[in-house]
Amino acid sequence: MCADTASPEILTVFCAPDQAQLAQLVASPPTQWPPAQILKQDGGTTVTLLTLAETSLAVKHQRMLTWRQWADALWRGSPARRAWNGAQLLATHGFAVPRPLGVFERRHAGQMIESWYCSEGLYAHLPLHTYWRHHCPTWSFRHRRAFLKALAEFLRSFHAAGLYTGDMRDANLLVEDIGSEQWRFYLVDLDRILHAPPLSQRRRLKNIVQLERTLGRSLHASDRLFFLYRYFGDPLPAPSVRRSFIQHLLHLRNRKDREYARRRRRQRLRQIKAARTTEVMGESVSMPLLPTPPRALISCCIICFNEELHIRRCLESVKWCDEIVVVDSFSTDRTLDICRQYTKHIIQRPWPGFVEQKRFALSQTSHEWVLNIDADEEISPELQREILHVLDRNDPAVDGFFVPRLVYYLGRWWHRGWYPGYRLRLFRRTKVRWGGVDPHEKVLLRGQADRLAGDLYHYTYENTSNHLRAINNLTDMAVRERAMRGKRTRHTDLLLRPLWRFLRFYVLRGTVAYGVPGFFAGVSAAFYVFLKYAKLWEHTTRQQSPSQHSPR
């Protein structure tokens, strides 16, 4: 390496002989750069892909914004120096790496404040998850297994060489197709490469979990097991060793899922709070200097029947969605006239039950993300901002979001009792299927889910008479479903279950603080449970006992 001062402020640690212009490039503001694409922008780190006259260039710019980053740069050196060392380490052990072109630093009073690492840009190479998503649908079973075998052998040889990376996500592992069912893999996050032979099992598991939380969510269970067995190599370890390894892997993955879910929620809330503060103060929000990817598209699906009192409020709260699908069960009021003012995608279909109707509505959507709400619900402004933020990030590690539902009943918002009542209402269309039994259908998600903080408003019943009529209808549907599954009523069900429901709703959930409305809601909840089991007892008794009177 050489060290010479390219300008009074920027120190050139390394520069390829044929790339002397890089020092002037990184010293200029991003607005003066050639055509560029932002690949990452988070936590003081910006990765940009530039198109030059003869080649492409990847620039990783890192600023020291926190005490942890400052201490890390002081102890281990600048991120750009570490990336250059990581590239040399990989090349020494025979692994493909983008050609390093330059390392630049900016210091103040000897302390690192900024660094740039420039390398050859890989335009024809795709991140691992993107490559899999684009090519896997057209592959045969043999071709898919050949790719997983190549990936497992790359990771096994990487660890066998005593190498470890702190972040082996799909975005940091690029794929090159070299033909005849052969692939080459490139690690591009090089500042966290370590050489520590022999590699500990903890570090091996960490790299596998990072792949499991990204690419693994697109694989079937058999594909994941095939990948692990190829990673073990021949001969296979003893069954007890394999079993222990997989148990530790699942435990570490679940722990990481919980940790990242909490981290994403905190980050989401901070950004939404900052945006809200900016709106209140009337300040203009600065836009990024370089283009960012567009947000993911979203569909909204609604089922309805004679909902003219609520449907306009519901549709008004989701008119920002890219597609609105309404499935109506031949309403006889003005519901259809109101729906036509917001969408043309209206389908009339006989009522087959909640599960089948929502399953059909989901099949009519066309975008990646789906928002499912009922006709008597409304998206709050806070929840809308959170959903738009989710679509902007489109984090591949998350496939669905639970939202809290706030009930409006008897002239008040119920922050006790029914609240928060989380419901999975925002999800990726290809990751879910409808399950449950009428009238309590539910979304079954195959993937990771987070929680949002914004409320989903639910306008339940107009008055007590409407509430009691709904209880009668809902218990009829519940009894039919339970009878089809062969369920029976015991005497304790008629006494203990309603009592427990009342105590849980009225006492444990605090609706006692609402006075008479809270008492009525607790009694109604207990009466729903009692009526359901009483009707089931009546149904089974009628089926088992012959009539005492002649049909005549």
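Per-structure values
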{"read-out": "Sequence-distant aspartates and glutamates (8 or more away, or on other chains) whose Cα lies within less than 15 Å of LYS40", "value": "ASP167, ASP170, ASP189, ASP392, ASP395"}
{"read-out": "Cβ-based charge dipole, the chain, positive-most Cα from GLY44, LEU250, THR55", "value": "LEU250"}
{"read-out": "Farthest positive-ward along the chain dipole, Cα basis, beta-carbon charges - from ILE379, PRO137, PHE520", "value": "PHE520"}
{"read-out": "Least to most buried among HIS125, HIS93 (fewest other Cβ within 10 Å first)", "value": "HIS93, HIS125"}
{"read-out": "Amide H contacts of ARG169 (H built 1.01 Å from N, under 5 Å, at least 5 apart or other chain)", "value": "none"}
{"read-out": "About the Cα centre, charge dipole magnitude for segment 296-351 (Lys/Arg +1, Asp/Glu -1 at Cβ), debye", "value": "60"}
{"read-out": "Estimated vicinal HN-Hα couplings, Hz - segment 354-365 in sequence order (Karplus 6.51, -1.76, 1.60; Gly, Pro = x)", "value": "4, 5, 5, 5, 6, 5, 5, 4, 5, 5, 8, 7"}
{"read-out": "Cα gyration tensor shape of segment 298-459, rounded if a/c is under 1.5, else prolate or oblate by comparing a/b with b/c", "value": "rounded"}
{"read-out": "Beta bridges by DSSP in the chain, antiparallel share as percent, to the nearest 5", "value": "75"}
{"read-out": "Of TRP33, ALA83, PHE14, farthest towards positive along the dipole that unit charges on Lys, Arg, Asp, Glu beta carbons give segment 1-93", "value": "ALA83"}
{"read-out": "Residue order, fewest to most surrounding Cβ atoms within 10 angstrom, among LYS273, LYS149", "value": "LYS273, LYS149"}
{"read-out": "Using alpha-carbon coordinates, inclination of helix 79-92 to the longest axis of the chain, degrees", "value": "80"}
{"read-out": "Dipole in debye (nearest 20) - the chain, about Cα centre, beta carbon charges: Lys, Arg +1; Asp, Glu -1", "value": "2560"}
{"read-out": "Cα shape, segment 126-260, gyration tensor, a/c 1.5 rule", "value": "rounded"}
{"read-out": "Reach of LYS206 by Cα under 21 Å, taken over lysines that are not fewer than 8 positions away in the same chain", "value": "LYS149, LYS256"}
{"read-out": "ALA375 long-range amide H proximity, modeled H, under 5 Å", "value": "ILE303"}
{"read-out": "Shape of segment 441-495, Cα gyration tensor, a/c cut at 1.5", "value": "oblate"}
{"read-out": "Karplus-derived HN-Hα couplings along segment 366-383 (A = 6.51, B = -1.76, C = 1.60, θ = phi - 60°), whole Hz, x at Gly and Pro", "value": "10, 9, 5, 9, 10, 10, 10, 9, 8, 5, 9, 10, 8, 7, 6, x, 5, 5"}
{"read-out": "Helix-only CD estimate at 222 nm, as mean residue ellipticity for the chain, using -39500 (n - 2.57) per DSSP H run (n ≥ 4)", "value": "-13000 deg cm²/dmol"}
{"read-out": "Cα-centred dipole magnitude for segment 101-153, charges only on beta-carbon of K, R (+1) and D, E (-1), debye, nearest 20", "value": "400"}
{"read-out": "Crossing angle, helix 141-160 versus the chain [Cα axis fit, 0-90 degrees, rounded to tens]", "value": "50"}
{"read-out": "Relative exposure of ASP177, ASP189, judged by other C-beta atoms within 10 Å (fewest first)", "value": "ASP177, ASP189"}
{"read-out": "Lysine pairs within segment 298-459, Cα separation less than 18 Å, 8 or more sequence positions apart or different chains", "value": "4"}
{"read-out": "Estimated distance in nm for a label pair at GLU481 and HIS108, the labels positioned 7 Å out from Cα along Cα-to-Cβ", "value": "6.1"}
{"read-out": "Cut-off under 5 Å, modelled amide H: who pairs with ILE298 long-range", "value": "ASP322, GLU323"}
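Read the figures in this text as sums done on the coordinates, not as results from a lab. Quick caveat: nothing in here was measured; it's all calculated off a predicted structure. Neighbour counts run over all protein chains shown; Cβ positions are idealised from the backbone, glycine included.
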